[in-house]
Amino acid sequence: MDTPAESVEITRNVALSRFEIRLDGELVGLADHFDDDGIRAFTHTEVDPTHRGKGLAGKLVGHALRETRADGLKVDPVCPHVAGFIRRHPEYGDLLA
C-alpha cells in the first residue's frame with residue numbers, strides 16, 4: 001500500500017525576511033535573505049536534518065528565486081547552497097547581481 005504524499009507549502013515570511021518550507025504544516029526549512037537597493041541577498045538556507053534527502057532545499061530555493069524574479073530583483077547568493085543551485089540551474093543565472 002502506498003503512503004500518502006506529503007503536503008509541501010512554501011511561503012515568504014516578510015516579518016522574518018525569509019522563505020519557509022512546511023511539510024504537512026510543520027516548518028522544516030528556511031532561506032534567510034535581505035533586500036537592499038534592488039538586490040536580494042540570500043544569506044542562509046537550511047532544512048531540518050530529519051527531512052534532508054527529499055529535495056526540499058531545492059524546492060525552497062527554486063521558489064525563492066522565482067519569487068525574486070517576479071519582484072524584479074537581482075540575487076546575491078551569499079549562501080553556498082543558493083550559489084550552487086544557480087550553478088546547477090543556469091535558467092536562474094540572469095538573476096545574479
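The values are calculated or read from the model by the stated rules, or taken from the named source; none is laboratory data. This is a predicted model, so every value here is computed, not measured. Quick reminder, even Gly has a Cβ in these numbers, built from the backbone with ideal geometry, and neighbours come from all protein chains shown.
Looking across the stretch 61-97 at every residue that is in contact (Cβ under 8 Å) with a residue 40 or more places away in the chain and out of contact with any Ser or Thr (no Cβ under 7 Å at 6 or more places or on another chain), the one that is surrounded by the fewest Cβ atoms within 10 Å (Cβ to Cβ) is identified as A97. List the residue pairs whose Cβ atoms are under 8 Å apart, where the first residue sits in the stretch 38-57 and is over 19 Å from S7 (Cα atoms), the second is at pLDDT 95 or above and among the aromatic types (F, W, Y), and the two are 6 or more positions apart or on different chains. That search, which allows pairs on different chains as well, returns R40/F34; A41/F34; T43/F34. The set of residues from the stretch 31-64 being in a strand (DSSP E or B) and within 8 Å of the chain's Cα centre (by Cα) comprises A31, T45.
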